[in-house]
Amino acid sequence: MGLFDWVFGQFIDVIEWTDDSHDTMVYRFPRHNNEIKYGAKLTVRESQMAVFVNEGVIADVLGPGIYELETKNLPIMTNLQHWDHAFNSPFKAEVYFLNTKRFTDLKWGTKNPIMVRDPEFSMVRLRAFGTYEIRISNPKTFMNEIVGTDNHFTIDEIDDQLTNLIITKFTTVLGESKVPVLDLASNYEKFSEFISEKIAPAFEEYGLELTKILVENISLPEDVEKALDKRTSREVTGDLDKHIQYQTGEALGKDGGGSMGDMVGMGAGIALGQDMANKLSKEKVDKNVAPPLPTRNSTMYHVAMEDKQEGPYDIRTIQKYIAEGTIKPNTLIWTEGQQDWAEAETILGKYFNVTPPPLPKRD
C-alpha cells in the first residue's frame, strides 16, 4: 500500500450497507481504525436504522434517509465530541446498521411434553409447535441488551433464547386457558392471539416486537392418539359386539405373516370360539327349560278394568285376580259365545263363593 493510499484510506466519506442475506439483524460498518470524514454521506435505507456509538456510548440513532455528517445533523455527537479546528477535523465513531424488517417463519416448538389438566381426559401431556415473526422496535434497547459489540449479529444467535421464552410463556398460558384438548384445534387462531398478548411484553424487554405467533399443531402422545382413534372407530361402528365380531372376522381372514400374525389369528380364533360356545350353551339351557303347563279350560276371558278392555286371560289368571280382589263380583267380563258383557258373578259365581269347610273337632 502506497503512502497516498494510506492517507486517503484514513478518511471514510461514504457509509452505507446493502444486505442480501435473510438473517442479519445488526451489521457494524467496517471502519478498521479509519476516521469518518467530516461531511461524509450516510445512507440509511428503508427497513434500516443507523446507530452511532462513540467511546462505547450510543450517541445517535438515525432513521431512513441520506445524511451529511456534520454538527447540525448530529447534535448529540456534537455534545460528546470536542471538535476543534472549526469542526473540520474527522472523527472516529462506530456505525451499526440495524435491520428493522420483519423476520418471518421462525420456528418454535416444545422440546418435552407439557403436563396440563384437562376437563375430559384429567391429566394429559401435550406437544406444540408453530412459527412466529419479530422485528427490532427499540434499537437502543436491542443494542444494549442483546447485541453489545457483535459486528455481525444474526437471528440464529437469539432464536434459541426467544424459543425458550415462548415455550415458557406458552406453558403458563395453556394451563390458564382451561380449554379442553379436543377444542384447541377449533380455537388455534384465537389461541394464537391470546398467546401473543401474553408473550409480547417479554419481547419488549429485548427491544423487539412480537408481530405474530402462530400455533400450527397441538398434539397428544402417540399412545393417547391411538386410544382416541380406537374410540372414534368404536363410535363410528356403533354396536360394540358387532365391532368385535367384525375385527375377529378380519383377523381370521388375513394371511398370517409371521409369529405376530399367527398370534393375532390364534387370539381371534379363541375369541370367536368362546363366543360360539357361549351361544350354544345358552341355546342348550333354553332347550332344557320345560314349557308351561297346558290349561284344562281353554276358555279365555276379556275383563273391563277402569273402563279399559284387558285380556284375554285364562281361568287361572282370572282366579288369581279374583283372589287378589282385582276382579270383583260386579266387574264386567266377556267370553266367546256371550252376546254382551256381563258381571263376573253371573258367569264365574262359584269362584266368588268359595268358603272353606269347618275345622274338625279335636277329642
inquiry  = Take LEU174 and tell me if it is surrounded by 13 or more Cβ atoms within 10 Å (Cβ to Cβ) and over 30 Å from GLY63 (Cβ atoms).
reply    = yes
key: Members of the stretch 23-62 found to be outside any strand (DSSP E or B) and more than 46 Å from the chain's Cα centre (by Cα), listed by number   = PHE29, PRO30, ARG31, HIS32, ASN33, ASN34, GLU55, GLY56
note = In the stretch 130-161, anything assigned to a helix (DSSP H, G or I) and either on the phi > 0 side of the Ramachandran plot or touching a strand residue (DSSP E or B) at 6+ places or on another chain (Cβ under 7 Å) (or both) is listed as PRO139, LYS140, PHE142, MET143, VAL147, ASP159
inquiry  = Condition first: in contact (Cβ under 8 Å) with a residue 24 or more places away in the chain and in contact with a Ser or Thr (Cβ under 8 Å, 6 or more places away or on another chain). Can you find one or more residues in the stretch 172-180 that meet it?
reply    = no
message = For the list (1) at negative phi; (2) part of a loop (DSSP other than H, G, I, E, B); (3) modelled with pLDDT of 80 or more; (4) exposed (fewer than 11 other Cβ atoms within 10 Å of the Cβ), I need the number of the one condition that THR299 fails.
response = (4)
inquiry  = Looking at the stretch 130-149 only, could you name the residues that are more than 20 Å from SER47 (Cβ to Cβ) and either surrounded by 15 or more Cβ atoms within 10 Å (Cβ to Cβ) or not assigned by TED's automatic domain parsing to the domain that holds PRO201 (or both)?
reply    = GLY130, THR131
key: Filtered residues of the stretch 211-229 (kept if in a helix (DSSP H, G or I) and not charged (D, E, K, R))   = VAL224, ALA227, LEU228
remark   = Scanning the stretch 181-211 for residues that are touching a strand residue (DSSP E or B) at 6+ places or on another chain (Cβ under 8 Å), free of Cβ contacts under 8 Å to residues at least 60 places away in the same chain and not hydrophobic (A, V, I, L, M, F, W, C) gives TYR188, SER196
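The values are calculated or read from the model by the stated rules, or taken from the named source; none is laboratory data. Not measured: the values here are computed from a predicted model. Here Cβ is always computed from backbone atoms with ideal geometry, including for glycine, and neighbour counts include all displayed protein chains.
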